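The structure appears below as C-alpha cells.
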2 protein chains.
Amino acid sequence: MGDVYQALADPTRRLILDELTERDGQSLFELCSRLVMRHGVTSSRQAISQHLAVLEDAGLVSSRRFGRTKLHHLHTEPLREIAERWPAEPKE
Amino acid sequence: MGDVYQALADPTRRLILDELTERDGQSLFELCSRLVMRHGVTSSRQAISQHLAVLEDAGLVSSRRFGRTKLHHLHTEPLREIAERWPAEPKE
DNA sequence: ACAATAGGCAAGTAGCCACTTGCATGTCAA
DNA sequence: TTGACATGCAAGTGGCTACTTGCCTATTGT
C-alpha cells in the first residue's frame with residue numbers, strides 16, 4: 001500500500017482525481033482526452049497510466065477491466081484521515 | 001506561497017506537524033530533540049530547519065523570534081481545503 | 001570582552017520520481 | 001484472420017529534493 005500523501009503531491013494526479021470527481025468510471029483514453037481538453041495537460045498516455053497506478057496503490061482509485069477497456073473509480077475514504085490527523089485546534 | 005500537498009509529501013514534515021499538534025510554539029532545538037527522542041528521527045538540525053521553511057512557505061507553520069530563539073506555531077486551515085476539494089461522494 | 005547558545009546561509013551530493021521511448025499483449029470489428 | 005484499438009511492461013533520462021557540510025550572524029550569560 002502506497003503513501004496517500006505522496007500520491008497527492010503531484011499536480012497531474014490531483015487533476016485526475018478532479019476529473020474522476022466530475023465523471024466517475026472513466027477509461028484511460030477518456031481520462032487522457034479530457035485532461036488535455038479541459039485542463040491543458042500535455043502528458044502522454046503512459047504518464048497518465050503510471051499516475052493511475054500510483055493513485056490505485058494509495059487506495060484512492062480502483063479499476064476494473066471490461067473487454068479491452070479499463071474503468072477507473074474514485075475512492076475518497078483515505079482523504080478523510082488527513083483532516084482528522086491534525087485537528088483544527090492544537091492541544092492546550 | 002508553496003504547495004500544501006508537496007509540503008505534506010515528506011514523512012519528517014508530517015512528524016513535525018504531529019509534534020506541533022502535541023505542543024504548539026516550539027523552538028527549533030526543542031523540535032529537534034523531541035523528534036529524535038519520541039519519533040526516532042535522525043535528521044540534522046539544518047534538515048529540520050529546511051523542513052520548517054517548507055511548512056512555513058505552505059502556510060502550515062508560522063514563526064516569531066524571541067531573542068535568540070524562534071517559536072513555531074501550527075496552522076491547520078490550509079488542510080481543510082484538501083477534505084473539501086474531493087467530496088465524500090462523486091457527482092452523479 | 002569572551003565563550004556558549006540559537007539559528008541562518010549557501011554550495012555540493014545522492015537518491016528518487018515523472019516522463020519518454022520502444023515494444024509486447026490482448027480485444028474487437030470487418 | 002487481419003488490422004485497428006486499448007492497455008501493459010520495462011529500461012533509460014533529466015530534474016527536483018532532502019540531506020550534509022562548512023562557515024557565518026546574533027543574542028545571552030559570566
Please arrange A:Glu22, A:Glu84 by counting, for each residue, the other beta carbons lying within 10 Å of its beta carbon, fewest first.
A:Glu84, A:Glu22
Sequence-distant or interchain residues sharing an amide H contact under 5 Å with A:Val61, placed H: which?
A:Glu56, A:His75
Contact order relative to length for the range B:4-84, counting C-alpha pairs under 8 Å separated by 6 or more residues, stands in percent at 35 percent
Test item: Cα-centred dipole of the protein assembly as shown, Lys/Arg +1 and Asp/Glu -1 on Cβ, debye:
480 debye
Assertion target for A:Leu8, B:Leu17, ordered by fewest C-beta neighbours within 10 angstrom first, is B:Leu17, A:Leu8
Whole angstrom only: what separates the Cα centroid of the range B:1-75 from the Cα centroid of the range A:58-92?
26 Å
Out of residues 5 or more away from A:Gln26 or on other chains, whose amide H comes under 5 Å of its own, with H placed 1.01 Å from N in the peptide plane?
A:His72
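Every number in this text was worked out from the coordinates using simple rules, so none of it is lab data. No experiment lies behind these values; they were computed from the predicted model shown. Reconstructed Cβ throughout: ideal geometry from the backbone, glycine too, with neighbour counts over all protein chains shown.
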